[in-house]
Amino acid sequence: MPDLETARLKLRKFTLDDADDLYRIYDNPEVMKYVGNGARTRKETEAGLLSMIQHWQQHDFGMWAVIHQQDHILIGRCGLCFLDKTTEVELGYLFDKFYWGRGLATEASLAALKYGFEVVKLKRIVAVAKPENLASRRVMEKVGMKYEKDAHYYDSDVVYYSITL
Ligand SMILES: CC(C)(COP(=O)(O)OP(=O)(O)OC[C@H]1O[C@@H](n2cnc3c(N)ncnc32)[C@H](O)[C@@H]1OP(=O)(O)O)[C@@H](O)C(=O)NCCC(=O)NCCS
């Protein structure tokens, strides 16, 4: 059972069986250009997958596996997690390049924000991106987040956006 459904997507929790699909996405240097240290190995992918599963178990919110309803495949991840070494909650998203530019990150993010405010009862959600990641900044703007400041998280200079209930 998915946790959330949008017009084109299903958002469900990850399982260890998603490693192959996630690795297919994380293996692409273009997708990972502005994320962490770039393309991930299979081992790094498995560690990341486990940490997303554990985040849900520990905090009752986290990153969902995003399933394309028509194509029946895992096309990315979107959801909420703690911002680097803080108690603030961050919106995050990452999609398979084939599915970029169709409004899917915006669609998934709106559902994730609604869940954050209505189910998790958050008062404020933030998002960060490397300044040159214009697609990510545009998604933040399209979901109603506002630029607040330049900041430094995950060992990187970032732009910091927020939305308050
Ligand atoms: C960021 C990302 C999730 C966006 O996914 P998406 O499904 O293509 O997003 P959407 O289609 O909802 O919106 C993208 C917007 O960015 C715009 N955009 C894309 N590339 C752009 C660029 N190089 N410069 C300016 N705007 C750009 C699109 O035109 C669109 O805006 P519009 O609807 O006003 O035309 C996707 O590019 C991705 O997975 N990137 C790699 C992972 C990543 O960087 N994640 C974020 C880390 S902070």
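Observations on the model:
- Which listed residue, of Gly38, Gly103, Gly92, is within 12 Å of the ligand (Cβ to nearest atom), among the small types (Gly, Ala, Ser), loosely packed, with under 15 Cβ neighbours inside 10 Å and within 22 Å of Ala151 (Cβ to Cβ): Gly38
- Out of Leu80, Leu49, Leu110, Leu74, one residue alone is more than 22 Å from Thr6 (Cβ to Cβ), aliphatic (A, V, I, L, M) and in contact (Cβ under 8 Å) with a residue 12 or more places away in the chain. It is Leu49.
- Looking across Leu22, Leu9, Leu16, one residue alone is at pLDDT 95 or above and touching a Cys at 6+ places or on another chain (Cβ under 9 Å). It is Leu9.
- For Gln58: the one exception among (1) over 13 Å from the mean Cα position of the chain (by Cα); (2) surrounded by 12 or more Cβ atoms within 10 Å (Cβ to Cβ); (3) not in a strand (DSSP E or B): (2)
- The residues in region 134-165 that are of a type outside the set (Ser, Thr, Tyr) and touching a helix residue (DSSP H, G or I) at 6+ places or on another chain (Cβ under 9 Å) can be counted, and the count is 12.
- Within region 86-140, the set of residues being more than 21 Å from Met32 (Cα to Cα), assigned to a helix (DSSP H, G or I) and of a type outside the set (Gly, Ala, Ser) comprises Leu110, Leu113, Lys114, Tyr115, Phe117, Glu118.
- Region 134-154 residues that are farther than 23 Å from Tyr115 by Cα, paired with ones that are polar (S, T, N, Q) (beta carbon under 7 Å, 6 or more apart): none
Quick grid of which residues meet (1) under 18 Å from Leu94 (Cα atoms); (2) surrounded by fewer than 18 Cβ atoms within 10 Å (Cβ to Cβ); (3) away from the ligand (no atom under 14 Å from the Cβ):
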| position | (1), (2), (3) |
| --- | --- |
| Leu113 | yes, no, no |
| Ala127 | yes, no, no |
| Glu141 | yes, yes, no |
| Asp150 | no, yes, yes |
| Thr164 | no, yes, yes |
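- Scanning region 61-71 for residues that are touching a residue at least 60 places away in the same chain (Cβ under 8 Å) and either in contact with a helix residue (DSSP H, G or I) (Cβ under 8 Å, 6 or more places away or on another chain) or not in a loop (DSSP other than H, G, I, E, B) (or both) yields Trp64, Ile67, His68.
The values are calculated or read from the model by the stated rules, or taken from the named source; none is laboratory data. Note that the structure is predicted; figures quoted are calculated from it, not measured. For neighbour counting, all protein chains shown are included, and Cβ atoms are generated from backbone atoms with ideal geometry for every residue, glycine included.
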